[in-house]
Amino acid sequence: MKIAELYLIFFIYSFIGWCWESFPCSKIELDKIYNRGFLIGPFCPIYGIGATVSYLMLKNFDSNFYIFIYSALMSCTIEYFIGYLLERFFHQRWWDYGAYPFQIKRRVCLYGLIVFGMANIIIVKYLTPVMLLFFSAAENRIIESAASLLTFFFVIDIVLTLNNLLGLSKSLDKIYYALDERSKNYFNYLNESDRIANLKLMSESKKFKVKFENFNSNLKEHEENLKRIDYTKIKDLFSDNF
């Protein structure tokens with residue numbers, strides 16, 4: 001695999017992750033479409049990192065079970081430490097799983113582990129090999145140009161975002177706020193659009209939200225019940241018998 005192809009895979013999965021977070025996830029959790037990315041542009045790098053690392057590490061695995069287990073653990077580890085670093089250096093949270101059961105420090109949760117594991121089976125065994133097949137049919141010049149162009153815009157986005165978070169340059173801040181305002185206006189337009197609101201996906205998301213909230217509430221209750229169990233008595237029971 002060439003470096004340019006690796007960059008493209010990273011950007012494609014970063015874009016898919018951004019779509020996942022900004023559209024279905026936002027609609028279900030916030031009742032609106034919202035840019036939930038760390039950056040201004042349509043990229044969630046954490047998804048690109050997770051998917052790319054999973055493919056590179058697990059592409060020779062045949063078992064879906066092992067791909068699920070290893071990729072879920074890797075993805076959650078990446079999510080946890082990136083979440084920690086963002087909180088540590090910028091004192092903000094870009095995601096919060098505090099309302100979900102079986103979560104760790106509000107940075108990772110059981111739902112994420114399952115979703116990442118299942119998604120990575122598709123990514124490792126099917127989606128990425130198809131991407132590489134298309135890349136192999138394209139000219140190297142096209143692949144390298146696309147990777148270079150995306151990297152250029154990606155770096156600019158990172159510079160503008162970090163500058164805004166750290167408050168380094170007012171001139172760059174003006175550019176950031178102008179682009180951020182355009183992004184917000186675009187999402188406001190989508191949220192106010194009757195055509196978007198009438199899509200079956202949007203109406204179904206409301207039904208799913210009700211079912212998900214009920215399921216989440218029940219699972220949260222089971223978690224609380226497990227926490228109330230006195231495990232020392234169970235330990236003593238086993239130690240007495242053995």
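Of the residues making up segment 84-92, at least one is open to solvent by 40 Å² or more (accessible area, probe 1.4 Å), in a helix (DSSP H, G or I) and under 27 Å from Ile3 (Cβ atoms). Exactly one residue out of Tyr47, Tyr34, Tyr70, Tyr13 is part of a helix (DSSP H, G or I), in contact (Cβ under 8 Å) with a residue 60 or more places away in the chain and either β-branched (Val, Ile, Thr) or surrounded by 18 or more Cβ atoms within 10 Å (Cβ to Cβ) (or both): that is Tyr13. In the set Phe89, Phe81, Phe43, only one residue is modelled with pLDDT under 95, among the aromatic types (Phe, Trp, Tyr) and out of contact with any helix residue (DSSP H, G or I) (no Cβ under 8 Å at 6 or more places or on another chain); that residue is Phe89.
Let's see how each residue does on (1) open to solvent by 100 Å² or more (accessible area, probe 1.4 Å); (2) modelled with pLDDT under 80:
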residue	(1), (2)
Asn198	yes, yes
Leu201	yes, yes
Phe212	no, no
Tyr231	yes, yes
Ile234	no, yes
Asp240	yes, yes
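Of the residues that make up segment 127-141, is at least one more than 24 Å from Leu6 (Cβ to Cβ) and loosely packed, with under 15 Cβ neighbours inside 10 Å? No: zero hits.
Looking across segment 132-169, the residues that are in a helix (DSSP H, G or I) and among the acidic types (Asp, Glu) come down to Glu144, Asp157.
The values are calculated or read from the model by the stated rules, or taken from the named source; none is laboratory data. Predicted, not measured: the structure shown is a model, and the values here were computed from it. All Cβ positions, even for glycine, are placed from backbone atoms using ideal geometry, and neighbour counts span all protein chains on display. For the accessible areas, the whole protein counts, side chains as well, though only heavy atoms, and no ligand, DNA or RNA atoms are used. Shrake-Rupley method; radii C 1.70, N 1.55, O 1.52, S 1.80 Å.
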